[in-house]
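Please treat every number below as a calculation from the coordinates, not as lab data. Everything quoted here is computed from the prediction, not taken from an experiment. Here Cβ is always computed from backbone atoms with ideal geometry, including for glycine, and neighbour counts include all displayed protein chains.
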Amino acid sequence: MSIDLIRGGVAHNLGTAAIMNTGSWRVFKPIIDHEKCKPCVVCSQYCPDGIVRYEKGKEISIDYYYCKGCGICAHECPRGAIEMVREGV
Ligand code: SF4
Ligand code: SF4
């Protein structure tokens, strides 16, 4: 598949991001400690896949179907509320 780039670097007709099960790549899984989490949404802002979700009045959540386990959310969380845990342990 080819992607046409236009001025400004915006890519149109992107490929398979929406249908790929990128969560199947994961070795480490981010686990949120909801006792520590005060929903500042920093993790959501840093997640490269935009799959950390927050709705007012609900706990913050991660869509594990897409989460690749990169650990950026855990690294950036100012409250240490996300732990990366090896899959299958
Ligand atoms: S960055 Fe940490 S404290 Fe902030 S919403 Fe995410 S898990 Fe909660
Ligand atoms: S581990 Fe990476 S992909 Fe998964 S929620 Fe955190 S920042 Fe997003």
- Query: Among the aspartates and glutamates, which fall within straight-line cross-link reach of residue 38, defined as a Cα-Cα distance under 16 Å, with same-chain neighbours fewer than 8 residues apart omitted?
  - Reply: 55, 59, 76, 83
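Gain in length, residue 24 to residue 58, computed as 0.36 nm per residue apart minus the alpha-carbon separation, to one decimal in nm?
Details: separation 34, 0.36 × 34 = 12.24 nm, distance 2.62 nm.
Taking residue 24 through residue 58 to full extension adds about 9.6 nm, to one decimal.
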- Inter-label distance, nm, simple model (7 Å from Cα along the C-beta direction), residue 75/residue 35: 2.8
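Show me the ranking of peptides 35-46, 60-71 by mean Cβ neighbours inside 10 Å, starting with the highest.
Numbers: 35-46: 14.4, 60-71: 16.7.
Per-residue mean Cβ counts within 10 Å order the peptides as 60-71, 35-46.
What does the charge count around residue 87 come to, taking other residues whose C-beta lies under 9 Å from its C-beta (Lys +1, Arg +1, Asp -1, Glu -1)? Display every interim value, and only then the final one.
Values: positive: 26, 29, 86; negative: none.
That sum, taken over residues with Cβ under 9 Å, equals +3.
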